[in-house]
1. In segment 1-16, which residues are surrounded by 17 or more Cβ atoms within 10 Å (Cβ to Cβ), of a type in the set (A, V, I, L, M, F, W, C) and assigned to a loop (DSSP other than H, G, I, E, B)?
2. Would you please name the residue that is most open to solvent (accessible area, probe 1.4 Å), looking only at residues in segment 188-210 that are under 17 Å from Val340 (Cβ atoms) and among the small types (Gly, Ala, Ser)?
3. Just need a number here: residues in segment 166-187 that are open to solvent by 10 Å² or more (accessible area, probe 1.4 Å) and touching a helix residue (DSSP H, G or I) at 6+ places or on another chain (Cβ under 8 Å).
4. Please state which one of Pro194, Pro189, Pro156, Pro146 is within 16 Å of the ligand (Cβ to nearest atom) and out of contact with any Asp or Glu (no Cβ under 7 Å at 6 or more places or on another chain).
5. Any residue at all in segment 221-232 that is more than 16 Å from the ligand (Cβ to nearest atom), under 22 Å from Pro62 (Cβ atoms) and surrounded by 23 or more Cβ atoms within 10 Å (Cβ to Cβ)?
6. Look at segment 273-284 and say how many of its residues are over 20 Å from Ser366 (Cβ atoms) and either among the β-branched types (Val, Ile, Thr) or open to solvent by 60 Å² or more (accessible area, probe 1.4 Å) (or both).
7. Of the residues Glu128, Glu139, only one is free of Cβ contacts under 8 Å to residues at least 40 places away in the same chain, open to solvent by 20 Å² or more (accessible area, probe 1.4 Å), within 29 Å of Asp368 (Cβ to Cβ) and in contact with a strand residue (DSSP E or B) (Cβ under 9 Å, 6 or more places away or on another chain); which?
8. Only helices (runs of 4 or more DSSP H) wholly contained in segment 282-362 count here; list those with 3 or more residues that are of a type in the set (S, T, N, Q).
Amino acid sequence: MDTKNLGFNSKLIHAGAFEDALGSATVPIYQTSTFKFKNAQEGADCFAGKSDGFIYTRIGNPTIKALEDNIAALENGFGGIATGSGMGAVTSIYMALLGQGVHMVSTASVYGPSRGVIEQDFSRFGVEASYVNTSNPDEVRAAIKPNTKLLYLETPSNPTMELTDLEEMVKIAREHNLIVAVDNTFSSPYLQKPLDFGVDVVFHSVTKFINGHADIVGGVIVTKTEELYKKIRHSMVYMGCNMDPHQAFMVIRGVKTLAIRIERAQENAMKIADYLENHPKVAWIKYPGLKSHPQYELAKKQMKGFGSMISFGVKGGLEAGRKLMDNVKLAILAVSLGGVETLIQHPASMTHAAVPAEAKIKAGISDDLVRFSVGIEDVEDIIADLDQALAKV
Ligand code: LCS
């Protein structure tokens, strides 16, 4: 079925799906590593790119392709490239678009490993990067060098909830001939469609909102053009960053409810943000849906809704944060985000406990920062849980 003119909710369910020989209502799992050619000529045609038949699952697979086509449709892009994890998407993009003597400008507060893999690994191959506050276009302009090729953005950023103006970034990129890549994990295509602002590459850790059920890891990249699609797919295939058919099946199942999950989660998040903003033990709160967020107007401009990620500071710093973590009952004390279940994390005492103080400050992670991924439970239960845990702080 041609799904091009369908609405977003219909695309969630039907885009990318195909009818198999038995009329299965869902996309089947093609759990195979390889595909039989009818004869030698067909094999030759497939390898020469003269036929779009499947060859080998690292290169392509019907179940994986159904997911790739689905996310490409949701992001209004040319094509999708599924990867085994969100980091598989990040590294495939870096491998395709960076190289010896090439410089990248990136959001300072990106997801830690997206920065770590440049600083610890790609740097050994002569890749250079500058990390700046991309909320400020002047800082981005000042960081661009003659060898800059890529502008790598994350908005909202993890876990500082800072926003970057995509329209403004695309304008700067066009002036300097840069490719713009955006990590859209925190918003999902339901809330934000970077390609519509002129961005070249958008990608996700589908581990989060797109799959939404905390039961697999995965990634998907969508490009605006065929040229970028071919370039990045080559890196994904040659580095072996492919997704598995079973993973793809799970994500296809999860993505169908993306819109209704996000609607409920962000409705809960707004109420929780109001509660936290007025709580005497909360020092500060960063939620794009609050007027106190410095980029509230930008959030209204480039996002369809404010999402369900909240960062807040608990008075009393490290010790208070630890106390809060040890006393929540409903919220699950765990990393990751974007699932139906509410998750809570305190980077300073958990994921970033071993990171030197200076590096933590540089990444925007204060000792009191608590990251809250709001789920779709009854909001009264989530607030009651926070209330009892904050009372013990
Ligand atoms: N991009 C963002 C914005 C992320 O939050 C993550 C993972 C990734 C990329 C990498 O995706 P993965 O390979 O894990 O699928 N974020 C995590 C987090 O905040 N806690 O645990 C993982």
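The values are calculated or read from the model by the stated rules, or taken from the named source; none is laboratory data. Note that the coordinates shown come from a computational prediction; the quantities given were computed from them, not determined experimentally. Cβ: placed from backbone, ideal geometry, glycine included. Neighbour counts: every protein chain shown. Quick note on the areas: whole protein, heavy atoms, side chains included, nothing else; ligands and nucleic acids left out. Shrake-Rupley method; radii C 1.70, N 1.55, O 1.52, S 1.80 Å.
1. Answer for segment 1-16, where residues must be surrounded by 17 or more Cβ atoms within 10 Å (Cβ to Cβ), of a type in the set (A, V, I, L, M, F, W, C) and assigned to a loop (DSSP other than H, G, I, E, B): just Ala15.
2. The residue in question is Ser205.
3. Narrowing segment 166-187 to residues open to solvent by 10 Å² or more (accessible area, probe 1.4 Å): 167-168, 170-171, 174-177, 179, 183, 185-186.
Narrowing further to those that are touching a helix residue (DSSP H, G or I) at 6+ places or on another chain (Cβ under 8 Å): 167-168, 170, 179, 183, 185.
Final tally of qualifying residues: 6.
4. From the options Pro194, Pro189, Pro156, Pro146, the qualifying one is Pro194.
5. Looking through segment 221-232, at least one residue is more than 16 Å from the ligand (Cβ to nearest atom), under 22 Å from Pro62 (Cβ atoms) and surrounded by 23 or more Cβ atoms within 10 Å (Cβ to Cβ).
6. 2
7. Numbers: Glu128 fails: within 29 Å of Asp368 (Cβ to Cβ).
Just a single option satisfies the conditions, and that option is Glu139.
8. none
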